[in-house]
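Visitor: Right, I'll just put the structure down here and ask away after.
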Amino acid sequence: MVLFRKIALTVVMSIFALVMLFPILITFSNSLMTESEIDYNYHLIGKMVNVAAGEKNGFINLKLIPDWVSLSQYGEVLVHKPLFMHMFWNSVFMVLPIIIGQVVVASLAAYAFAKLRFWGREKLFVVYLMTMLMPFQVTLVPSYIIADKLGLMNSTAAIILPGIFSAFGVFMLRQFMLHIPYSYLEAAKMDGAGQLRIFYSIMLPLIKPGMAALTVLLFVDNWNMVEQPLIFLEDAFKQPLSLYLSRINEGARGVAFAASALYMAPMVLMFLYAESYFIEGIQLSGIKG
C-alpha cells in the first residue's frame, strides 16, 4: 500500500511538473525554429475558421523538435533590435539595487526581530508584517503621491526605494534565524563579541541558504514586474524588458519566442546555480508554496 502511494504520488507530481514545464519547453524549442516553420505551425492564430461552411478545421501544431535548427531569431533580436538590449540593461540596473538593498536591510531587520530582545518586538513585527499583506493596488495611490512630492516620478528611484524596504525579505530571514540557537550568540558574547560582530561573523554565514533563496525569489519577482514601471516611468526608454516584450513581436512570431527565451534565461540560470541553497532556504524558513 505504501509503495502504491509513492508510485501514485510520483506519477501525479511528474504530470504536474510536465504541465508547468511545457510552456517553457515550447518557448525554447520554437525559438530555434525558422520563421517559416513557426508561421506554418501557428498561422491559424487570430483567424476565424468557419467549420459549418466547409472550411478546413483549424489547428495549432505544437512541436518540441524543430525541423531545422536555426539561430536567426536570436540574431534578429540581438543585432537588429538594439532596443531589446537597452531594455535588458534597464531591467538589470533596476533589479540589482533592489536585491542588494533588500538583502542588506532585511538581514539586519530580521536579526533584530529574531534575536534582539526589546519591548514591543512581537507587536512591532506584526504591524510591519501587515504591510506585506497589502497588495500593490492598495498602496498605489499613496506611493504615487509620495513619489510625486519627492520628485521621483519618471525615475527608477520611485521603483527601487520601495522595493528595498519590502517586508517580505524581513519575514523570510526572520523565520530562518529563529532556527539558529541562542547558545551560539551567548557563546560569542562570552568571548566579548558585540552585536555587529555576532551578526557579521556568526549570523551571516549561517543564513547563507536563506539569503540565496531570498535572492532568487526577489530576482524573479522584480524581473517580472509590470505595474510599477508602467505607472512610475512615463518615458518608455526607461522602462524594463518586461514591458517591451509585448511590443517586440510585431509581424514576427519567431522573434517573440527568441526574446522570451532570452528573457527567461537569467531566471533559469540563477535558479540552477543556487538550487541547493534555494531549497534549503525555503525549507528552513518555513515558507510553503
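Visitor: Under the Kirkwood approximation applied to all pairs of distinct alpha-carbon atoms, what is the hydrodynamic radius of region 138-234 in Å?
Guide: One over the average 1/r among Cα pairs gives 16.0 Å for region 138-234.
Visitor: Placing +1 at every Lys and Arg Cβ and -1 at every Asp and Glu Cβ, with all other atoms neutral, what dipole size does the chain have around its Cα centre, in debye to the nearest 20?
Guide: Using only the charged Cβ atoms, the result is roughly 980 debye.
Visitor: Over the heavy atoms of Ser201, what accessible area does a 1.4 Å probe trace out, to the nearest 10 Å²?
Guide: 50 Å²
Visitor: A further question follows. Once you place label points 7 Å from the Cα toward the Cβ at Ser36 and Lys63, how far apart are they in nm?
Guide: 1.2 nm
Visitor: Helix-only estimate, please: 222 nm mean residue ellipticity of the chain, summing -39500 (n - 2.57) across DSSP H runs of length 4 or more and dividing by its residues, to the nearest 500.
Guide: That calculation yields -22000 deg cm²/dmol at 222 nm.
Visitor: Something else about it: Work out the FRET efficiency for His179 and Val220 from their Cβ-Cβ distance, taking R0 = 25 Å, and round it to the nearest 0.05.
Guide: 0.55
Visitor: Another one. Please arrange Leu217, Leu21 by accessible surface area, largest first, computed with a 1.4 Å probe and ligands excluded.
Guide: Descending order: Leu21, Leu217.
Visitor: In addition: Of the candidates Ala261, Ala193, Ala109, which one comes out as most mobile in a Gaussian network treatment of the chain with C-alpha springs shorter than 10 Å?
Guide: Among Ala261, Ala193, Ala109, the largest GNM mean-square fluctuation belongs to Ala193.
Visitor: Moving on to the next point. So, taking all protein chains as they sit and a 1.4 Å probe, how much accessible area belongs to Thr139, in Å² rounded to tens?
Guide: 50 Å²
Visitor: I would also like to ask the following. With a cut-off of 8 Å between alpha carbons and a minimum separation of six or more residues, what is the relative contact order of the chain in percent?
Guide: Contact order relative to length: 27 percent.
Visitor: Obtain the nm distance between the two label points defined at Ala193 and Phe136 by a simple spin-label model: each point lies 7 Å from its Cα along the Cα-to-C-beta direction.
Guide: 3.9 nm
Visitor: Looking at Ser183, Ile145, Phe171, which one has the Cα that reaches farthest to the positive end of the dipole of region 112-211 (charges on Cβ: Lys, Arg +1; Asp, Glu -1)?
Guide: Of the options given, the answer is Ser183.
Visitor: Return the single residue from Ile231, Ile207, Ile160 with maximal mean-square fluctuation; model: Gaussian network over the chain, springs between Cα atoms under 10 Å.
Guide: Of the options given, Ile231 has the highest mean-square fluctuation.
Visitor: Could you give the length gained on full extension between Tyr273 and Leu18, defined as 0.36 nm per residue of separation minus the Cα-Cα distance, in nm?
Guide: Here the answer is 89.7 nm.
Visitor: Given springs between every Cα pair under 10 Å in a Gaussian network model of the chain, which of Tyr200, Tyr144, Tyr244 has the largest fluctuation?
Guide: Checking each option, the largest mean-square fluctuation is seen for Tyr200.
Visitor: Stretched out fully, how many nm does the piece from Glu186 to Leu129 gain, at 0.36 nm a residue minus the Cα gap?
Guide: 17.7 nm
Visitor: For the modelled label position 7 Å from the Cα of Asp235 along Cα-to-Cβ, which residues of region 156-174 have backbone nitrogen atoms closer than 16 Å?
Guide: 156-160
Visitor: Leaving ligands and nucleic acids out of the surface, order Leu214, Leu32 by accessible area at 1.4 Å, largest first.
Guide: Leu32, Leu214
Visitor: Sticking with this one: Please name which of Leu116, Phe199, Thr215 has its Cα lying farthest along the dipole of region 76-286 towards the positive end, using unit charges on Cβ (Lys, Arg +1; Asp, Glu -1) and the Cα centre as origin.
Guide: Of Leu116, Phe199, Thr215, it is Leu116.
Visitor: Solvent-accessible area of Leu62, probe 1.4 Å, all protein chains present, reported in Å² to the nearest ten, please.
Guide: The accessible area of Leu62 comes to roughly 90 Å².
Visitor: With labels modelled as points extended 7 Å from the Cα through the Cβ direction, what inter-label distance (nm, one decimal) is found for Glu227 paired with Arg5?
Guide: Inter-label distance under the simple model: 4.0 nm.
Visitor: Please compute the contact order of region 145-275 in relative form: average sequence separation of alpha-carbon pairs under 8 Å and at least six residues apart, divided by the residue count, as a percent.
Guide: About 28 percent, as a whole number.
The values are calculated or read from the model by the stated rules, or taken from the named source; none is laboratory data. Everything numeric in this text was worked out from a predicted model, so none of it was measured. Methodologically, a virtual Cβ is constructed for each residue, glycine included, from the backbone with ideal geometry; neighbour enumeration extends over all protein chains shown. Ligands, DNA and RNA are stripped out before the accessible areas are found, and what is left, the full protein with its side chains, is counted by its heavy atoms. Shrake-Rupley method; radii C 1.70, N 1.55, O 1.52, S 1.80 Å.
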